[in-house]
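Report on the structure given below.
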Amino acid sequence: MNLAKLSWKYIVDRPLNTFLNVLLFGFGIAIILVLLLVSRQMEDALTKNAKGINLVVAAKGSPLQIILCNIYHVDFPTGNIALEEAIELSKNSLIKRSIPLALGDSYRDYRIVGTTHAYADLYQVTPASGQLWGKHAEAVIGANVALTTGMKVGDEFATEHGMQSGGIAHDDHGMTVVGILERSGTVVDNLILTSVESVWEAHEEHDDHEAHEDHNEAHDDHDHDKQHDDHEHKEHHHDPHHDHEHSEDEMVTALGLTYHPHELKDKEITSLIVQYAGPMGAVRLPRMINEETNMQSASPAFETARLFTLIGTGVEVINGFAYLIIFIAGLSIFISLYNSLKQRTYDLAIMRAMGASSRFLFLHVIVESMIISFLGGVFGLILAHVAVGVIDDFFIPVESQVRLSALLFLKSEFIILALSFGVGIFAAVIPAISAYKTDISKTLARG
Amino acid sequence: MLSISKLEYNYLGSTNLVYKDIQLGQNEQLLILGGSGTGKTTFLHLIGGMMQLQQGEITLQGTEYSKLSGYEMDQFRAEHIGLIFQKPHLISSLNVLDNLMLSQMFSPGDQDKDKARALLQSVGLEGKEKAKVSELSEGQAQRVALVRSVINDPILILADEPTSSLDDENAHAVLDLLLQQAERNQSILLITTHDQRVKDRISNHYIL
């Protein structure tokens, strides 16, 4: 027999009461821990995706939208920026590295990102099979894209205009998968990477095609079938490949992109991902871009922090409720101890008569509460991790950017557990003091 | 050796209780008799060290109660004094054996389950070790309480009306066992009672 065993015997002697207390305690702790685990893992995933990116420069619009679109690939672009302006900016000495992005197309809900190899370098992804993309109509797919579409190296697919499936298919513009990237746990897993030039090509063809259709319709309206030969002749002149072959020796390169000098004025990209050369970049670049150019800069660190403040309010409210539950659990432990001690006064007096000291009785009650709060804490810890696992398995799609791990344990979890332990002890203090003060003689005399 | 000298106790606003000086040696017995309100229980509680002394001195085996702190008195009681009451008052959350182990726990020596089992056997309760307290009859429970009071081999056994709620058969059985256990340990035995069945068995009386 020892103190802990004695307290334990009293606990199991009141199974329903104990069950209720452990349940309350456990739920309170589980809610706090789930919030903690989910928000931490979300934050980690988001931070990981923005790693190494100091600034995103895009068309004027909401900075948050710019970040969501160009880093997390969930929102839509704010528009396009002129390639000429982007190139001009990239020459700034405050910028160490700038990576162009051309968005707008997708394949089966996966976004196609026209960029340079520097983008793969930024996320430190390398092909698990195949190789990185070349200039023309070659694509490298992320691990999740490969998983869900089942595409392999050498497969061809038709890109769709727009960022959701159901967009107009670029039927005539197929892309070939030349590589599959290894899983990185970043947004890249869900992307199809290709060259900016390939995106341009697809859009030029697309635009041509649309213009052509208009032309065709107009033509048909005017004089139905007669001028068919003439029309085909015109189409031939519009072929971009024709222009290409004609002037290949005049190509120039900037930002890792290759284009005709005379095309520069017409070329556009969606955004520019920027890495500062030094701390001065953070001070001067955003203002300079916003004030002196037609472009808009957005800082991922600032915008995600802002996003978390928005989510944070909701988290705070739920957290508040959880602490309330723990408080109620503490109160419930207090009430059940207090009530049980009233019935146990004689037991306590008998123990005193057997030679138990006052401080033994004090500890006896405290330990009882500690055991209950410990059980509640362990129950809460297990419940929280199971819940996180269940949330991940049933509610988060495989290809989601934010995957949750049930096996991640945080230091702060144990702080919460210690805190709840404290609540348990605190709840027992008053009953323990009354146990401490048990008057043997008076109690025994009452018989 | 128990010696009581000039012992008085005064409840506020009540009569002053004055006790006579008593000296008892090993294996001696004393029956304390008196009607209700005469201070029997107070006397026993003072000797058990469960009440603070006001006047006079109690010395057991050379230890003066007035020189002990509250905590030391608890330790002393655990080691040297066994108490038994009118009702068994076993701890109902514990089984029979654990009730005995609890008593051993408070005493400095090692916890000895075999000793507890042997004592249970000696009072006719073999096989009841794991029984719940609620499963015992009144007589059985009082016998467990008796074992509990002697398990640490006390110098002094204090029994407060130990038989008054028992039928004849059980009363005699408990009394037999009490005398037997006191004899085994050469303990001093003090019993308060108004039970005729006890008066017939013990000749040394102190009437309050």
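The values are calculated or read from the model by the stated rules, or taken from the named source; none is laboratory data. The shown structure was predicted, so the numbers you read here are calculated from the model rather than taken from an experiment. Cβ placement follows ideal geometry from the backbone for every residue including glycine, while neighbour counts extend to all protein chains displayed. The accessibility values were calculated without ligands, DNA or RNA, using every heavy atom of the protein model including side chains. Shrake-Rupley method; radii C 1.70, N 1.55, O 1.52, S 1.80 Å.
For region B:159-166, indicate whether the set of residues that are farther than 27 Å from B:L30 by Cα and either assigned to a loop (DSSP other than H, G, I, E, B) or within 12 Å of chain A (Cβ to nearest Cβ) (or both) is non-empty.
Within region B:159-166, not a single residue is farther than 27 Å from B:L30 by Cα and either assigned to a loop (DSSP other than H, G, I, E, B) or within 12 Å of chain A (Cβ to nearest Cβ) (or both).
Could you check B:N27 against (1) under 16 Å from the mean Cα position of the chain (by Cα); (2) over 26 Å from B:L136 (Cβ atoms); (3) open to solvent by 70 Å² or more (accessible area, probe 1.4 Å) and say which number it fails?
Only one criterion is unmet by B:N27, namely (3).
Any chance region B:157-167 includes a residue that's in contact (Cβ under 8 Å) with a residue 40 or more places away in the chain, closer than 18 Å to A:I350 by Cα, open to solvent by 10 Å² or more (accessible area, probe 1.4 Å) and not small (G, A, S)?
Yes - at least one qualifying residue is present in region B:157-167.
Residues checked against (1) charged (D, E, K, R); (2) closer than 30 Å to A:A102 by Cα; (3) outside any helix (DSSP H, G or I):
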| site | (1), (2), (3) |
| --- | --- |
| A:K5 | yes, no, no |
| A:A30 | no, no, no |
| A:S39 | no, no, no |
| A:K48 | yes, yes, no |
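Give the residues of region A:388-433 that are part of a loop (DSSP other than H, G, I, E, B) and of a type in the set (F, W, Y), sorted by residue number.
Listed by number, the list holds a single entry, A:F409.
Of everything in region B:84-94, what is at the interface with another protein chain (Cβ under 9 Å from one of its Cβ atoms) and either within 20 Å of B:A118 (Cα to Cα) or out of contact with any strand residue (DSSP E or B) (no Cβ under 7 Å at 6 or more places or on another chain) (or both)? Give them in sequence order.
Within region B:84-94, B:K87, B:H89, B:L90, B:I91, B:S92, B:S93, B:L94 qualify.
Determine which member of the set A:S400, A:S369, A:S373, A:S420 is modelled with pLDDT under 85, more than 14 Å from chain B (Cβ to nearest Cβ) and open to solvent by less than 30 Å² (accessible area, probe 1.4 Å).
Going through A:S400, A:S369, A:S373, A:S420 in turn, the sole match is A:S420.
Inside region A:50-75, can you point out the residues that are surrounded by fewer than 18 Cβ atoms within 10 Å (Cβ to Cβ) and in a helix (DSSP H, G or I)?
Result: A:L64, single match.
Taking region B:2-59 on its own, how many of its residues are among the polar types (S, T, N, Q) and within 14 Å of chain A (Cβ to nearest Cβ)?
Total satisfying the criteria: 7.
Which of the residues that make up region A:3-46 are away from chain B (no Cβ under 14 Å), open to solvent by less than 20 Å² (accessible area, probe 1.4 Å) and under 22 Å from A:D347 (Cβ atoms)?
Hit for region A:3-46 is A:N21, nothing else.
Does region A:343-353 contain any residue that is within 14 Å of chain B (Cβ to nearest Cβ), open to solvent by 60 Å² or more (accessible area, probe 1.4 Å), free of Cβ contacts under 8 Å to residues at least 60 places away in the same chain and not aromatic (F, W, Y)?
Among the residues of region A:343-353, at least one is within 14 Å of chain B (Cβ to nearest Cβ), open to solvent by 60 Å² or more (accessible area, probe 1.4 Å), free of Cβ contacts under 8 Å to residues at least 60 places away in the same chain and not aromatic (F, W, Y), which makes the answer yes.
Taking A:N294, is it assigned by TED's automatic domain parsing to the domain that holds A:Q275 and either surrounded by 13 or more Cβ atoms within 10 Å (Cβ to Cβ) or among the polar types (S, T, N, Q) (or both)?
Yes: the conditions hold for A:N294.
Can you give me the number of residues within region B:109-123 that are open to solvent by 50 Å² or more (accessible area, probe 1.4 Å) and either touching an Asp or Glu at 6+ places or on another chain (Cβ under 6 Å) or away from chain A (no Cβ under 13 Å) (or both)?
Counting residues in region B:109-123 that are open to solvent by 50 Å² or more (accessible area, probe 1.4 Å) and either touching an Asp or Glu at 6+ places or on another chain (Cβ under 6 Å) or away from chain A (no Cβ under 13 Å) (or both) gives 6.
Does any residue in region A:414-425 that is touching a residue at least 24 places away in the same chain (Cβ under 8 Å) come within less than 7 Å, Cβ to Cβ, of a residue that is hydroxyl-bearing (S, T, Y) six or more places away or on a different chain, and which pairs are these?
From residues that are touching a residue at least 24 places away in the same chain (Cβ under 8 Å), the pairs are A:S420/A:S373; A:F421/A:S373; A:V423/A:S373; A:G424/A:S369; A:G424/A:S373; A:I425/A:S369.
Among the residues of region A:425-442, write down those that are surrounded by fewer than 23 Cβ atoms within 10 Å (Cβ to Cβ) and more than 10 Å from every other protein chain (Cβ to nearest Cβ).
Passing the criteria: A:I425, A:F426, A:V429, A:I430, A:I433, A:S434, A:Y436, A:K437, A:T438.
Taking the conditions exactly as written (farther than 11 Å from A:M1 by Cβ, touching a helix residue (DSSP H, G or I) at 6+ places or on another chain (Cβ under 6 Å) and of a type outside the set (A, V, I, L, M)), does B:K115 satisfy them or not?
no
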